[in-house]
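Presented below is the structure to which this report refers.
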């Protein structure tokens, strides 16, 4: 069965979003990023096993797919952008009660029951499923117990306030699968539900 892998950037104090300033993240959607070569290489290695992306409606509408589609065309030989082409090639699924049709390539909009939709994706053939979205979307998946692996990209920043992803409950105990520190100051920790 396919795994649902939630990838999320967060601050050292556990916040995934600040009210206004996103400059705390070492990696934004632009070309200027603070990721070191080893982190880029490891990220691409993980993303090589992904063939489906579960994407929040808000992130899709804010330009995530357009940005990485343009990046894949702009720098096709840059090893950091290997995952950009994977994003273009992957099947994208956007759960939404508002959208009825997709305006993005290789992207379907699904409505209805989120646990049922995720169960159908997990039962399919192929690689794993990456989840990209904001705090609300991630919290809903966590509260429903749908995440099989957490990949938490902890930035060397303290926000003091903002949005968290574990506030709605879901998993009470996690098991550490692996953790690695990088020269940029980022620490990537991977967890699976315990039991």
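Here segment 166-183 is the region considered, the condition is being touching a strand residue (DSSP E or B) at 6+ places or on another chain (Cβ under 6 Å) and surrounded by 12 or more Cβ atoms within 10 Å (Cβ to Cβ), and the residue that is modelled with the lowest pLDDT is 171. Restricting 95, 115, 193 to residues that are farther than 22 Å from residue 39 by Cβ, under 16 Å from the mean Cα position of the chain (by Cα) and free of Cβ contacts under 8 Å to residues at least 60 places away in the same chain narrows the list to 95. Among the residues of segment 124-141, not a single one is surrounded by fewer than 13 Cβ atoms within 10 Å (Cβ to Cβ), more than 19 Å from the chain's Cα centre (by Cα), modelled with pLDDT under 95 and over 22 Å from residue 50 (Cβ atoms).
Table: residues versus (1) out of contact with any helix residue (DSSP H, G or I) (no Cβ under 9 Å at 6 or more places or on another chain); (2) under 20 Å from residue 151 (Cβ atoms); (3) in a loop (DSSP other than H, G, I, E, B); (4) modelled with pLDDT of 85 or more.
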site	(1), (2), (3), (4)
7	no, yes, no, yes
13	yes, yes, yes, yes
20	yes, no, yes, no
25	yes, yes, yes, no
34	yes, yes, yes, no
44	no, yes, no, no
51	no, yes, no, yes
68	no, yes, no, no
76	no, no, yes, no
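Since residue 147 meets every condition but one in (1) surrounded by fewer than 19 Cβ atoms within 10 Å (Cβ to Cβ); (2) touching a residue at least 40 places away in the same chain (Cβ under 8 Å); (3) over 18 Å from residue 12 (Cα atoms), which condition does it not meet? Unmet for residue 147, out of (1) surrounded by fewer than 19 Cβ atoms within 10 Å (Cβ to Cβ); (2) touching a residue at least 40 places away in the same chain (Cβ under 8 Å); (3) over 18 Å from residue 12 (Cα atoms): (1).
Annotation note: Cβ proximity below 8 Å between a residue of segment 162-180 that is farther than 15 Å from residue 146 by Cβ and a residue that is at pLDDT below 80 and crowded, with 17+ Cβ neighbours inside 10 Å (sequence gap 6+ or interchain) occurs for 162/17; 162/18; 163/17. Do the conditions hold for residue 58, that is, is it crowded, with 20+ Cβ neighbours inside 10 Å and in contact with a helix residue (DSSP H, G or I) (Cβ under 9 Å, 6 or more places away or on another chain)? Taking the combined requirement at face value, the residue does not satisfy it.
Of the listed requirements (1) at pLDDT below 90; (2) surrounded by 20 or more Cβ atoms within 10 Å (Cβ to Cβ); (3) more than 25 Å from residue 167 (Cβ to Cβ), residue 92 misses just one: (1).
Collect the residues in segment 152-179 that are within 15 Å of residue 194 (Cα to Cα) and out of contact with any helix residue (DSSP H, G or I) (no Cβ under 6 Å at 6 or more places or on another chain), keeping them in residue-number order.
First pass over segment 152-179, keeping only residues within 15 Å of residue 194 (Cα to Cα): 169-178.
Answer for segment 152-179, where residues must be within 15 Å of residue 194 (Cα to Cα) and out of contact with any helix residue (DSSP H, G or I) (no Cβ under 6 Å at 6 or more places or on another chain): 171, 172, 173, 174, 175, 176, 177, 178.
Please tell me if residue 39 is in a helix (DSSP H, G or I), touching a strand residue (DSSP E or B) at 6+ places or on another chain (Cβ under 9 Å) and either at pLDDT 80 or above or under 26 Å from residue 178 (Cβ atoms) (or both). Let's see the steps before the verdict.
Working: in a helix (DSSP H, G or I): yes; touching a strand residue (DSSP E or B) at 6+ places or on another chain (Cβ under 9 Å): yes; either at pLDDT 80 or above or under 26 Å from residue 178 (Cβ atoms) (or both): yes.
Spelling it out, residue 39 is indeed in a helix (DSSP H, G or I), touching a strand residue (DSSP E or B) at 6+ places or on another chain (Cβ under 9 Å) and either at pLDDT 80 or above or under 26 Å from residue 178 (Cβ atoms) (or both).
The values are calculated or read from the model by the stated rules, or taken from the named source; none is laboratory data. All of these numbers come straight from a predicted model, not from anything done at the bench. Cβ coordinates were reconstructed from backbone atoms using ideal geometry, including for glycine residues, and neighbour counts include every protein chain displayed.
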